[in-house]
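Here, each number is a calculation from the coordinates, and none is a lab measurement. Here the structure is a predicted model, which means the values were calculated and not measured. Quick reminder, even Gly has a Cβ in these numbers, built from the backbone with ideal geometry, and neighbours come from all protein chains shown.
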Amino acid sequence: MDQEAGTTKGHHGPSGAIQVNRANAPEFQTCGIRMLGDTLNAHIPTPSDCIPRWRADDPDTRMYVGDCREVLANLPEIGQVDLIFADPPFNWDVPYDGWSDDMSRAQYERFTFDWLDGCIEALSPSGSLWVNIPDDTAAEIVMHLKRRGLVMMNWCVWHFRFGQHRDSSFIMSKVHALYFCKDPNSRTWNPDSVLEMSDRASIYGDKRTQEKSSNKGMRVPMDVWYGKYWGRIQGNNAERRHGHQNQIPEVYLERVVLSCSNPGDLVLDPFAGSGTTCTVARAHGRRSIGIEQSEVTAASAWERVTDIGMKRKNASVGGSSAIFQKRSSGSSR
């Protein structure tokens, strides 16, 4: 049944899944889940003054240089961040500037749990946390956030068509976008700000889509994200920042920022990279904090955030993700 038409009797819809996740949250905190990273001691941050390397106004935008575990623990806004988006190193031996991306599995999991814990502490009671992560660590992140009492709202997938050929398995063409919050009842959620055309409207021209009381012919996006401007940022793409690894498209961050924060809210990215999160947040009137361990990478990101700006503002809104062409009148489905 089409998403905009509602659900049928007996169908386990998204609201039901949220209720189940919320009800189970206390049990995950006490069930004693153990993972490989738990065999190592947690990182203990050192108290220190937290001074941004760069800062701009209107809206307040800051970039810190250093280990995100240290910066998160010393931010003056602990417990006040409205939205966090994290795209951490994947531990795939990528040559980031000054970063060891080939930890043992236990070390990588411990590092992951430590920065996740820092993010949880930084979030406001109504805050939301998104994590961009591939297959091999998605399950561990989900279980850690659940055992910390967060509630999973969506397990989305960013799908792209650019992947390396391999003979050993199917080509990887997705990354997971994990959406968690502290309290589903108090979280910021703006579905009308990210609507796209429904298949019924864009493919079939179904007149019933125009008979709704609001958002005629539109729907909230599904949980698999793809389409124009949603591919990996490669080559001569207008968004491309040379010298940066694994850059995420602006439309991805725009959907997250618009749906899960309001103008004036505080958005944080613990792995600033090319600066996409802060660039999008600033373009849409959100305050933002970026944290980057590399001085060189942070300087390039700051140039983008403050001097270059967003290339595709509003490109994530109002379009169609239909995989078929518009049908002519009388054609069969």
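Some values worked out for this structure:
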| quantity | calculated |
| --- | --- |
| Spin-label zone in the range 281-297 - amide nitrogen under 17 Å from a point set 7 Å from the Cα of Asp49 along the C-beta vector | none |
| The chain: relative contact order as a whole-number percent, Cα under 8 Å and 6+ apart | 21 percent |
| About the Cα centre, charge dipole magnitude for the chain (Lys/Arg +1, Asp/Glu -1 at Cβ), debye | 1600 debye |
| Trypsin sites (Lys or Arg not before Pro) lying in DSSP loop within the range 116-195, provided at most 11 other Cβ fall within 10 Å | Arg161, Arg166 |
| Set Lys212/Lys311; Lys174/Lys311; Lys146/Lys174; Lys228/Lys311; Lys146/Lys216 screened for pairs whose C-alpha atoms are more than 25 Å apart | Lys212/Lys311; Lys146/Lys216 |
| The chain: C-alpha gyration tensor shape, a/c 1.5 cut-off, then a/b vs b/c | prolate |
| Simple label model, 7 Å out from Cα along Cβ direction - Ile323 to Arg208, nm | 2.3 nm |
| Value at 222 nm in deg cm²/dmol, rounded to 500, when DSSP H runs of n ≥ 4 in the chain each add -39,500 (n - 2.57) | -8000 deg cm²/dmol |
| For peptides 149-157, 213-221, sequence by mean Cβ density within 10 Å, most packed first | 149-157, 213-221 |
| Proximal aspartates and glutamates to Lys326, defined as alpha-carbon separation beneath 18 angstrom and excluding residues fewer than eight positions away on the same chain | Asp2, Glu196, Asp199, Asp206 |
| Simple Cβ-charge dipole of the range 212-333, Lys/Arg +1 and Asp/Glu -1, about Cα centre, in debye nearest 20 | 920 debye |
| Dipole-positive endmost among Pro249, Ala73, Thr209 within the chain (Cβ charges, Cα centre) | Thr209 |
| Gyration tensor (alpha-carbon) shape descriptor, the range 188-287, a/c threshold 1.5 | oblate |
